[in-house]
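All remarks here apply to the structure that follows.
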Amino acid sequence: MSHNRSGLLAGLITGLLAALICAAALGVAILFQLRMPAAITTFGNGFPLLLAVSLAMAALVSFAISVVRPRSFVLIPVAAIYAGGAVMAGQILGISIMKGVGLRTPPGEESPADLTVVTLDNFLTGLPYAPSLYQDVLAKTWTTWLCIAVATLAALILVTLRVLRVRRRQRAAAEAAQAEEKQAKEPEYRAPFEPAQAPTPKPTTDLFTPRNPTGD
(Lines give C-alpha, C1' and ligand atoms only; values in the text may rest on other atoms or scores of the structure.)
Protein backbone atom coordinates (compact mmCIF):
# COMPACT_ATOMS: atom_id res chain seq x y z
CA MET A 1 0.00 0.00 0.00
CA SER A 2 1.54 3.28 -1.04
CA HIS A 3 1.58 6.43 1.04
CA ASN A 4 -0.43 8.24 -1.60
CA ARG A 5 -3.28 5.77 -1.35
CA SER A 6 -3.20 5.38 2.41
CA GLY A 7 -2.86 9.10 3.13
CA LEU A 8 -0.20 8.33 5.76
CA LEU A 9 2.42 10.90 4.80
CA ALA A 10 -0.08 13.65 4.03
CA GLY A 11 -1.98 12.91 7.25
CA LEU A 12 1.21 13.11 9.33
CA ILE A 13 2.08 16.50 7.86
CA THR A 14 -1.36 18.11 8.03
CA GLY A 15 -1.99 16.74 11.51
CA LEU A 16 1.33 18.08 12.79
CA LEU A 17 0.68 21.54 11.36
CA ALA A 18 -2.78 21.60 12.93
CA ALA A 19 -1.35 20.49 16.28
CA LEU A 20 1.26 23.26 16.22
CA ILE A 21 -1.37 25.87 15.42
CA CYS A 22 -3.61 24.59 18.22
CA ALA A 23 -0.72 24.63 20.69
CA ALA A 24 0.15 28.22 19.81
CA ALA A 25 -3.49 29.28 20.11
CA LEU A 26 -3.85 27.60 23.50
CA GLY A 27 -0.65 29.21 24.78
CA VAL A 28 -1.91 32.66 23.82
CA ALA A 29 -5.33 31.89 25.31
CA ILE A 30 -3.71 31.03 28.64
CA LEU A 31 -2.04 34.44 28.68
CA PHE A 32 -5.31 36.24 28.04
CA GLN A 33 -7.56 34.13 30.25
CA LEU A 34 -7.90 36.96 32.76
CA ARG A 35 -9.27 39.21 30.02
CA MET A 36 -12.14 36.81 29.31
CA PRO A 37 -15.57 37.52 30.80
CA ALA A 38 -15.89 36.18 34.31
CA ALA A 39 -19.19 34.54 33.42
CA ILE A 40 -17.32 32.22 31.03
CA THR A 41 -14.23 31.45 33.11
CA THR A 42 -16.11 30.86 36.35
CA PHE A 43 -19.06 28.92 34.94
CA GLY A 44 -18.91 25.38 36.31
CA ASN A 45 -15.54 26.19 37.90
CA GLY A 46 -14.13 26.53 34.39
CA PHE A 47 -14.63 22.86 33.50
CA PRO A 48 -16.98 23.49 30.54
CA LEU A 49 -14.51 25.96 29.05
CA LEU A 50 -11.61 23.53 29.44
CA LEU A 51 -13.59 20.69 27.89
CA ALA A 52 -14.72 22.89 25.01
CA VAL A 53 -11.15 23.95 24.28
CA SER A 54 -9.91 20.36 24.41
CA LEU A 55 -12.67 19.14 22.11
CA ALA A 56 -12.06 22.01 19.70
CA MET A 57 -8.37 21.16 19.47
CA ALA A 58 -9.11 17.48 18.92
CA ALA A 59 -11.65 18.36 16.23
CA LEU A 60 -9.21 20.62 14.39
CA VAL A 61 -6.44 18.01 14.42
CA SER A 62 -8.84 15.28 13.33
CA PHE A 63 -10.29 17.47 10.57
CA ALA A 64 -6.81 18.25 9.24
CA ILE A 65 -6.01 14.54 9.05
CA SER A 66 -9.40 13.64 7.61
CA VAL A 67 -9.05 16.10 4.73
CA VAL A 68 -6.51 13.80 3.05
CA ARG A 69 -8.96 10.86 3.12
CA PRO A 70 -6.84 8.72 5.47
CA ARG A 71 -6.87 4.96 5.01
CA SER A 72 -3.94 3.95 7.20
CA PHE A 73 -4.67 2.73 10.73
CA VAL A 74 -1.34 4.24 11.82
CA LEU A 75 -2.94 7.69 11.73
CA ILE A 76 -5.37 6.75 14.51
CA PRO A 77 -2.82 6.66 17.38
CA VAL A 78 -0.87 9.48 15.72
CA ALA A 79 -3.95 11.72 15.82
CA ALA A 80 -4.42 10.95 19.51
CA ILE A 81 -0.77 11.80 20.22
CA TYR A 82 -1.00 15.00 18.20
CA ALA A 83 -4.12 16.19 20.02
CA GLY A 84 -2.87 15.35 23.50
CA GLY A 85 0.56 16.73 22.70
CA ALA A 86 -0.95 19.96 21.40
CA VAL A 87 -2.71 20.49 24.73
CA MET A 88 0.50 19.87 26.67
CA ALA A 89 2.59 22.05 24.36
CA GLY A 90 0.07 24.87 24.55
CA GLN A 91 0.03 24.76 28.33
CA ILE A 92 3.83 24.73 28.51
CA LEU A 93 3.99 27.61 26.03
CA GLY A 94 1.61 29.70 28.10
CA ILE A 95 3.46 28.94 31.33
CA SER A 96 6.83 29.76 29.75
CA ILE A 97 5.73 33.14 28.45
CA MET A 98 4.01 34.01 31.73
CA LYS A 99 7.17 33.12 33.65
CA GLY A 100 9.35 35.01 31.21
CA VAL A 101 7.18 38.10 31.52
CA GLY A 102 7.33 37.85 35.32
CA LEU A 103 11.11 37.60 35.34
CA ARG A 104 11.60 40.47 32.90
CA THR A 105 9.09 42.81 34.54
CA PRO A 106 10.31 44.83 37.53
CA PRO A 107 8.23 44.48 40.70
CA GLY A 108 5.34 46.90 40.86
CA GLU A 109 5.18 47.38 37.10
CA GLU A 110 2.96 44.43 36.33
CA SER A 111 0.24 45.09 33.77
CA PRO A 112 -2.43 43.00 32.10
CA ALA A 113 -1.10 40.77 29.35
CA ASP A 114 -1.37 41.89 25.76
CA LEU A 115 0.07 40.77 22.44
CA THR A 116 3.33 42.63 23.08
CA VAL A 117 4.33 40.01 25.68
CA VAL A 118 4.10 37.18 23.16
CA THR A 119 7.75 37.33 22.15
CA LEU A 120 10.51 34.83 21.62
CA ASP A 121 12.62 36.46 24.35
CA ASN A 122 9.90 35.99 26.97
CA PHE A 123 9.40 32.40 25.86
CA LEU A 124 13.12 31.54 26.01
CA THR A 125 13.49 33.31 29.36
CA GLY A 126 10.72 31.33 31.00
CA LEU A 127 11.25 28.01 29.19
CA PRO A 128 13.87 26.64 31.65
CA TYR A 129 11.38 27.07 34.48
CA ALA A 130 8.41 25.63 32.57
CA PRO A 131 9.05 21.89 33.15
CA SER A 132 9.12 22.19 36.93
CA LEU A 133 6.16 24.55 36.96
CA TYR A 134 4.19 22.27 34.66
CA GLN A 135 5.07 19.26 36.79
CA ASP A 136 3.67 21.05 39.82
CA VAL A 137 0.48 21.81 37.88
CA LEU A 138 0.09 18.15 36.90
CA ALA A 139 0.67 17.04 40.47
CA LYS A 140 -1.73 19.50 42.10
CA THR A 141 -4.70 19.54 39.76
CA TRP A 142 -6.49 16.90 37.75
CA THR A 143 -8.07 19.34 35.32
CA THR A 144 -4.88 19.43 33.28
CA TRP A 145 -4.97 15.65 32.94
CA LEU A 146 -8.63 15.92 32.03
CA CYS A 147 -7.89 18.29 29.14
CA ILE A 148 -5.19 16.00 27.79
CA ALA A 149 -7.35 12.90 28.13
CA VAL A 150 -10.40 14.48 26.48
CA ALA A 151 -8.39 15.76 23.52
CA THR A 152 -6.62 12.42 23.08
CA LEU A 153 -9.78 10.32 23.28
CA ALA A 154 -11.81 12.61 21.03
CA ALA A 155 -9.15 12.62 18.30
CA LEU A 156 -8.83 8.85 18.57
CA ILE A 157 -12.56 8.34 18.06
CA LEU A 158 -12.95 10.89 15.28
CA VAL A 159 -10.04 9.65 13.17
CA THR A 160 -11.02 6.01 13.73
CA LEU A 161 -14.50 6.69 12.36
CA ARG A 162 -13.03 8.58 9.42
CA VAL A 163 -10.53 5.84 8.55
CA LEU A 164 -13.18 3.13 8.74
CA ARG A 165 -15.54 5.18 6.56
CA VAL A 166 -12.86 5.77 3.90
CA ARG A 167 -11.82 2.12 3.88
CA ARG A 168 -15.43 1.01 3.56
CA ARG A 169 -16.05 3.34 0.62
CA GLN A 170 -12.86 2.31 -1.14
CA ARG A 171 -13.64 -1.37 -0.60
CA ALA A 172 -17.13 -0.90 -2.04
CA ALA A 173 -15.68 0.96 -5.04
CA ALA A 174 -13.12 -1.80 -5.60
CA GLU A 175 -15.80 -4.50 -5.45
CA ALA A 176 -17.94 -2.59 -7.92
CA ALA A 177 -14.99 -2.21 -10.29
CA GLN A 178 -14.22 -5.92 -10.06
CA ALA A 179 -17.85 -6.78 -10.77
CA GLU A 180 -17.86 -4.54 -13.85
CA GLU A 181 -14.59 -6.04 -15.07
CA LYS A 182 -15.89 -9.56 -14.57
CA GLN A 183 -19.09 -8.74 -16.41
CA ALA A 184 -17.12 -7.25 -19.31
CA LYS A 185 -15.05 -10.43 -19.67
CA GLU A 186 -18.04 -12.78 -19.80
CA PRO A 187 -19.11 -13.84 -23.39
CA GLU A 188 -22.34 -12.45 -24.68
CA TYR A 189 -25.36 -14.75 -24.69
CA ARG A 190 -26.18 -16.23 -28.06
CA ALA A 191 -29.30 -18.09 -29.21
CA PRO A 192 -29.05 -21.80 -30.11
CA PHE A 193 -27.75 -22.65 -33.58
CA GLU A 194 -30.34 -22.42 -36.28
CA PRO A 195 -29.86 -24.35 -39.56
CA ALA A 196 -29.06 -22.31 -42.64
CA GLN A 197 -31.57 -24.19 -44.85
CA ALA A 198 -35.23 -23.90 -44.25
CA PRO A 199 -36.94 -27.16 -43.26
CA THR A 200 -38.70 -29.15 -45.99
CA PRO A 201 -42.35 -28.17 -46.12
CA LYS A 202 -44.76 -30.82 -45.09
CA PRO A 203 -47.38 -32.00 -47.60
CA THR A 204 -50.57 -30.15 -47.30
CA THR A 205 -52.70 -33.13 -48.47
CA ASP A 206 -54.01 -35.73 -46.21
CA LEU A 207 -52.40 -39.14 -46.81
CA PHE A 208 -55.58 -40.88 -45.89
CA THR A 209 -57.63 -39.08 -48.55
CA PRO A 210 -57.99 -41.22 -51.70
CA ARG A 211 -56.49 -39.69 -54.78
CA ASN A 212 -58.57 -38.92 -57.85
CA PRO A 213 -57.62 -41.63 -60.33
CA THR A 214 -58.63 -39.51 -63.28
CA GLY A 215 -56.31 -36.72 -62.27
CA ASP A 216 -53.08 -38.84 -62.61
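Before moving on, here are some points about what is shown:
- I21 farther than 30 Å from R168 by Cα, modelled with pLDDT of 90 or more, of a type outside the set (G, A, S) and surrounded by fewer than 19 Cβ atoms within 10 Å (Cβ to Cβ): yes
- Looking only at region 56-86, and only at residues there that are part of a helix (DSSP H, G or I) and not hydrophobic (A, V, I, L, M, F, W, C), the one that is most open to solvent (accessible area, probe 1.4 Å): P77
- Being modelled with pLDDT under 80 and assigned to a helix (DSSP H, G or I) is a property that G27 lacks.
- Evaluation of E110 against the conditions (1) modelled with pLDDT of 70 or more; (2) more than 15 Å from A29 (Cβ to Cβ) shows that the sole unmet condition is (1).
- Figure legend. Inter-residue proximity from region 15-39: first residues farther than 21 Å from K99 by Cβ, second residues open to solvent by 30 Å² or more (accessible area, probe 1.4 Å) and among the aliphatic types (A, V, I, L, M), beta-carbon distance below 6 Å, spacing 6+ or different chains. Indicated pairs: A18/L60; C22/L60.
The values are calculated or read from the model by the stated rules, or taken from the named source; none is laboratory data. As the structure is a prediction and not an experimental result, all values here were calculated from the model. Neighbour counts run over all protein chains shown; Cβ positions are idealised from the backbone, glycine included. The area values use the complete protein model at the heavy-atom level, side chains included, leaving out ligands, DNA and RNA. Shrake-Rupley method; radii C 1.70, N 1.55, O 1.52, S 1.80 Å.
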